[in-house]
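**Student:** Starting off with a structure, shown below.
Please treat every number below as a calculation from the coordinates, not as lab data. Please read all numbers here as calculations on a predicted model, not as lab measurements. A quick note on method: Cβ atoms are made from the backbone with ideal geometry, for glycine too, and the neighbour counts reach across all protein chains shown.
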Amino acid sequence: MSEETYIGDGVYASFDGFMIWLRTPREKGDHRIALEPQVYAELEAFAKLCWAPDTGTMTAPTGAQSETSA
């Protein structure tokens with residue numbers, strides 16, 4: 001696994017040769033997320049829907065669902 005890089009907002013990122021790992025330190029242990037290439041691509045596409053290209057402000061993407069409503 002690569003050395004961790006702090007990317008902001010309390011999030012550290014590393015790479016294991018296939019997945020990007022995100023880690024956030026918490027009082028009772030770390031939270032970790034592993035992003036496969038396809039999941040990262042989906043996250044990038046979602047971000048493009050959220051941020052208006054001309055203003056940099058967030059907008060609600062059409063048809064977006066939260067985990068609890070999906």
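**Student:** Find, among the chymotrypsin sites (Phe, Trp or Tyr not before Pro) in region 1-33, those assigned to loop by DSSP (not H, G, I, E, B) with at most 13 other beta-carbon atoms within 10 angstrom.
**Tutor:** Within region 1-33, the qualifying chymotrypsin sites (Phe, Trp or Tyr not before Pro) (loop, at most 13 other Cβ atoms within 10 Å) are F18.
**Student:** All other residues with a Cβ under 15 Å from the Cβ of P25 taken together, and with Lys, Arg as +1 and Asp, Glu as -1, what is their net charge?
**Tutor:** Numbers: positive: R23, R26, K28, R32; negative: E4, D9, E27, D30.
It works out to a net charge of 0.
**Student:** Here's something else I'd like to know. Per 0.36 nm of contour for each residue apart, how much would the distance between F46 and T5 grow if the chain were fully extended, relative to their Cα-Cα spacing?
**Tutor:** Length gained, F46 through T5: 12.5 nm.
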